[in-house]
Amino acid sequence: MRLFVAINFNDDSRNGLLALRDELRSRSACGNFSLPENLHLTLVFIGECSPKKLDNIETILETVEFEPFEATIDRVGTFSHGTLWWAGLRRAKPLIDLQYEIEYKFAICGFEMDGRKYNPHITLGREVVTDASPWRIKPFGETVDSIDLMKSERINGKLTYTTIYTRKAE
């Protein structure tokens with residue numbers, strides 16, 4: 001199983017993200033744009049894991065302590081020489097602390113982490129061809145009160161993310 005820990009968004013935030021994705025799409029010649037159900041914020045990418053490790057992963061997530069916090073989306077930007085476009089989140093301390101704690105706990109339990117500086121973003125499109133430039137937006141967001149362990153797989157050629165475990169804030 002290919003796994004990651006993520007924040008999934010409520011309908012209002014998802015609609016805001018869809019509006020950004022659609023604006024980017026309208027300003028682009030082509031691209032692979034994220035499906036509505038796949039819009040999420042990855043906290044930690046775990047990678048390929050055997051089903052035997054699932055209980056261990058859930059146990060690690062049970063030790064993560066966090067209180068509800070505000071996540072604010074405030075810009076649209078790009079990576080990969082302008083071909084991967086995303087909606088960016090403010091680097092709020094509760095978000096950064098949560099991501100660090102999860103990554104740290106997985107690392108000390110023997111999981112390989114990439115160690116890159118965390119850049120909180122939601123992918124809007126890949127392989128995008130556009131003359132648009134990154135832009136600021138009217139900020140929007142929500143109160144985050146849970147994190148999800150997600151499974152990534154291709155089903156009938158479609159990238160599908162499924163929640164397999166949820167950890168609520170305390």
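Taken together, the values in this text are just the output of simple stated rules run on the coordinates, not laboratory data. None of these values were measured; they are calculated from a predicted model. Every residue, glycine among them, receives a Cβ derived from its backbone with ideal geometry; neighbour counts consider all protein chains shown.
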The chain: relative contact order in percent, alpha carbon pairs under 8 Å with at least 6 residues between: 35 percent
Could you tell me how many degrees, from 0 to 90 and to the nearest 10, lie between the Cα long axis of helix 93-108 and the main elongation axis, the longest principal axis, of the Cα atoms of the chain? 50 degrees
Counting other beta carbons within 10 Å of each residue's own, what order do 128, 64 fall into, fewest first? 64, 128
Set of lysines near residue 168 by C-alpha distance (under 22 Å), chain-local residues within fewer than 8 positions excluded: 53, 93, 105, 151
Cα-centred dipole magnitude for segment 31-155, charges only on beta-carbon of K, R (+1) and D, E (-1), debye, nearest 20: 540 debye
What is the helix-to-structure angle for 11-26, meaning the angle in degrees between its Cα long axis and the longest Cα principal axis of the chain, kept from 0 to 90 and rounded to the nearest 10? 40 degrees
Between residue 114 and residue 48, with labels modelled 7 Å along Cα→Cβ, what's the label distance in nm to one decimal, could you check? 1.7 nm
I'd like the GluC sites (Glu not before Pro) in segment 112-149 restricted to DSSP loop residues with at most 15 other Cβ atoms within 10 Å, sorted by number. 112
Starting with the fewest neighbours, write out 42, 78 ranked by other beta-carbon atoms found within 10 Å of each beta-carbon. 42, 78
Listed with the fewest Cβ neighbours within 10 Å leading, 84, 124 appear as 84, 124
Residue 46's amide H: which non-local residues (gap 5+, or another chain) put their own amide H closer than 5 Å, with H modeled 1.01 Å from N in plane and none for Pro or chain starts? 3, 4, 5
Note to self, the chain gives a 222 nm [θ] from helices alone (DSSP H runs n ≥ 4, -39500 (n - 2.57) apiece, / all residues, nearest 500) of -7500 deg cm²/dmol
Of the candidate values (i) -0.47, -0.85; (ii) -0.38, -0.79; (iii) -0.38, -0.87, the one computed for log10 I(q)/I(0) by the Debye sum over Cα atoms at q = 0.10, 0.15 Å⁻¹ from this structure is (iii)
What are the semi-axes of the equivalent ellipsoid of segment 88-130, taken as the square roots of 5 times the eigenvalues of the Cα gyration tensor, listed largest first and rounded to whole Å? 25, 15, 7
Would you please classify the overall shape of segment 129-170 from the alpha carbon gyration tensor, given that a ≥ b ≥ c denote the square roots of the eigenvalues, rounded means a/c under 1.5, and beyond that prolate means a/b larger than b/c while oblate covers the rest? oblate
Taking placed amide H atoms and a strict 5 Å upper bound, the residues 5 or more places from residue 165 or on another chain that come that close are 149
Can you run phi through the Karplus equation (6.51, -1.76, 1.60; θ = phi - 60°) for segment 154-167 and list ³J(HN,Hα) in whole Hz, with x for Gly and Pro? 9, 10, 6, x, 9, 5, 10, 10, 10, 6, 10, 6, 10, 10
Give the long-range amide H neighbours of residue 72: residues separated by 5 or more places, or on another chain, with amide H under 5 Å away, using H modelled in the peptide plane at 1.01 Å from N. 90
